[in-house]
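Okay, structure first, notes after.
The values are calculated or read from the model by the stated rules, or taken from the named source; none is laboratory data. From a predicted model like this one, the values you see are computed outputs, not experimental measurements. Positions of Cβ are generated from backbone atoms using ideal geometry, with glycine treated the same way; all protein chains shown enter the neighbour counts. Accessible surface areas use protein heavy atoms only, side chains included; no ligands, DNA or RNA. Shrake-Rupley method; radii C 1.70, N 1.55, O 1.52, S 1.80 Å.
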Amino acid sequence: MIEDLTSVGSSCIAEEPSEDPALLRRVLGVRLRRLRESAGISGDRAGRVIRASHSKISRLEAGRVSFRAKDIADLLTAYGVRDAGTRAEFLQLAERANAVGRWQAGPDLATARPDTYSALEDASALIRCYAPGLVPELLWTPSYAHTVFAIADREPAADIQRRVEALVRRQRLLTRADPPRAWFVVEEAALRRPLGGHEVWQGQLSHLAEMATHPNITVQVLPDHIGGPAISGTAFTMLRFAAPELSDIVHFPHPTGPQFLDKPVDLDRFNALWDRLCVCATSPQRTAEALDSLAITRPTRTEIR
């Protein structure tokens with residue numbers, strides 16, 4: 001059980017959240033690798049584009065070295081990226097990745113901007129997620145998302161709508177042409193909680209059932225009597241990448257900003273937690289049955305609007 005995840009990797013938390021250049025280099029590296037593979041270009045050929053070797057490309061894509069703007073521009077051209085906005089985004093990310101922050105996180109990853117996490121998520125090959133108390137956000141409907149954001153932060157309506165739209169854009173990775181594998185463990189208690197009212201709740205259950213039919217998506221339901229928060233009281237996501245030289249990353253929320261871990265001892269700890277959750281949850285083959293049962297039972301609790 002994780003008693004207090006806020007203490008994990010606490011040495012990387014500054015008074016004001018900043019960015020870890022090592023994390024940004026990894027983000028840029030995995031995105032460049034994906035572009036190269038989509039373009040059908042080998043590492044040797046990419047190396048020749050920037051007047052370097054295959055090993056240099058491997059180090060760049062693993063985020064182990066800094067990036068030169070000219071190299072990034074030449075690689076983007078070779079990979080067929082012509083859009084000015086996309087090229088500017090990559091070059092800006094390279095500049096951020098090469099910057100020296102106010103603090104260093106040592107061997108640990110650190111706080112990062114939300115778009116940094118989105119880029120890592122988009123480049124991953126496997127996403128594993130557990131979120132006690134709520135449906136994992138990659139599976140939210142817009143109505144459910146709007147309700148959760150409104151309850152959690154009390155932001156102006158326009159800001160909430162922007163957050164919902166950003167989430168919808170993130171969710172597209174699950175149904176794109178080359179989607180990652182995604183595995184979710186959802187608490188039964190979260191599925192019984194009618195956030196937004198009966199119609200929003202029913203819509204969320206229907207959407208979850210539909211998403212669970214996709215071949216790249218696995219959904220398991222953790223029964224109420226198991227007590228998921230006793231295993232982990234904090235939401236977490238584990239990202240795995242196709243490149244074998246890239247280690248997994250664990251992401252979990254923190255009041256000061258999202259936190260990232262990649263030390264072997266932390267990965268072992270979260271892998272053990274994930275295994276316990278999956279063993280305790282019902283099998284994926286019973287998910288449709290569980291959702292159907294919940295959908296026909298109107299909650300007796302007061303609906304939260």
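Structural remarks
- Residue list for segment 167-177, restricted to those being open to solvent by 20 Å² or more (accessible area, probe 1.4 Å) and either in contact (Cβ under 8 Å) with a residue 40 or more places away in the chain or on the phi > 0 side of the Ramachandran plot (or both): Arg170
- Number of residues in segment 124-137 that are open to solvent by 10 Å² or more (accessible area, probe 1.4 Å) and either among the basic types (Lys, Arg) or under 10 Å from the mean Cα position of the chain (by Cα) (or both): the value is 4.
- Applying the set (1) open to solvent by less than 40 Å² (accessible area, probe 1.4 Å); (2) within 30 Å of Arg36 (Cβ to Cβ); (3) part of a loop (DSSP other than H, G, I, E, B) to Phe260 leaves exactly one unmet item: (3).
- Here Trp201, Trp183 are screened, and the one residue that is in contact (Cβ under 8 Å) with a residue 24 or more places away in the chain, among the hydrophobic types (A, V, I, L, M, F, W, C), crowded, with 16+ Cβ neighbours inside 10 Å and under 30 Å from Glu37 (Cα atoms) is Trp183.
- Entry remark, segment 57-71: residues being over 18 Å from Pro244 (Cβ atoms) and free of Cβ contacts under 8 Å to residues at least 40 places away in the same chain number 4 in total.
- One residue stands out in segment 131-163 among those that are modelled with pLDDT of 95 or more, in contact with a His (Cβ under 9 Å, 6 or more places away or on another chain) and in a helix (DSSP H, G or I): the one that is farthest from Trp201 (Cα to Cα), namely Leu139.
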